[in-house]
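A quick write-up on the structure given underneath.
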Amino acid sequence: MQPTVETLAQWKEDFERLVDTRFAASDKAIDHAHASMEKRLDSLNEIRGALSDQAATFITRPEHETVSKQIEKLQIVQATQEGKASQNAVIVAYVISAAALAIGVIDLFKK
């Protein structure tokens, strides 16, 4: 049994409808994927921008080195001041001791 011209024409129309349907579905899937990719890229760009803003607030290496040197100098000054303060306390203690000794010696000679 050989296909007739009408049957072949019907098959051709069915095939064309099938191909058109598949292409339409493919186009729709591509559009959906494109929209999803755009949303994802927008999110990534937003994150990238936030990271750039954050990185702009970070201290740079030269700034860190400068601040570290200043802190070291302040620590040395503080240690020096503390040493002077304790030295002053020792001197005051010596003066008080010497005064007490002098008063004691004077008191011994008075008797």
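Over the residues of the chain, the helix contribution to mean residue ellipticity at 222 nm works out to -34500 deg cm²/dmol, using -39500 (n - 2.57) for each DSSP H run of at least 4. The modelled label-to-label distance between Gln87 and Leu108, using points 7 Å beyond Cα along the C-beta direction, is 3.2 nm. Between helix 61-110 and the chain there is an angle of about 20 degrees, using the helix long axis and the longest principal axis of the Cα atoms. If R0 is 41 Å, what FRET efficiency do you get for Ile47 and Val77 from their C-beta distance, rounded to 0.05? E(calc), rounded to 0.05, equals 0.40. Taken about its Cα centre, region 1-58 carries a charge dipole of roughly 200 debye when the Cβ of each Lys and Arg holds +1 and the Cβ of each Asp and Glu holds -1. Computed from point charges on the beta carbon alone (+1 for Lys and Arg, -1 for Asp and Glu), the dipole magnitude for the chain about its Cα centre is near 1360 Debye. Recomputing log10 I(q)/I(0) by the Debye sum over Cα atoms at q = 0.09, 0.13, 0.14, 0.21 Å⁻¹ from the coordinates shown identifies the correct label among [x] -0.20, -0.42, -0.49, -1.16; [y] -0.42, -0.70, -0.76, -1.09; [z] -0.71, -0.88, -0.91, -1.11 as [z]. Overall, region 51-102 carries a charge dipole of about 220 debye about its Cα centre when +1 sits on the Cβ of Lys and Arg and -1 on the Cβ of Asp and Glu, all other atoms neutral.
The angle between the Cα long axis of helix 5-56 and the main principal axis of the chain comes to about 10°, on a 0 to 90 degree scale. One decimal place: the segment Ala98-Thr21 gains 16.5 nm when fully extended, by the rule 0.36 nm per residue minus the C-alpha distance. Restricting region 1-91 to GluC sites (Glu not before Pro) that sit in a DSSP loop and have at most 12 other Cβ atoms within 10 Å of their own Cβ leaves nothing.
Between the listed residues Gln75, Ala55, Leu41, the Cα displaced farthest toward the positive end of the dipole of the chain, a dipole computed from Cβ unit charges relative to the Cα centre, is found at Gln75.
Values in this text are rule-based calculations from the coordinates and carry no lab data. Bear in mind the structure is a predicted one, so any value in this text is a computation, not a measurement. No Cβ is skipped: glycine too gets one built from the backbone with ideal geometry, and neighbour counts run over all protein chains shown.
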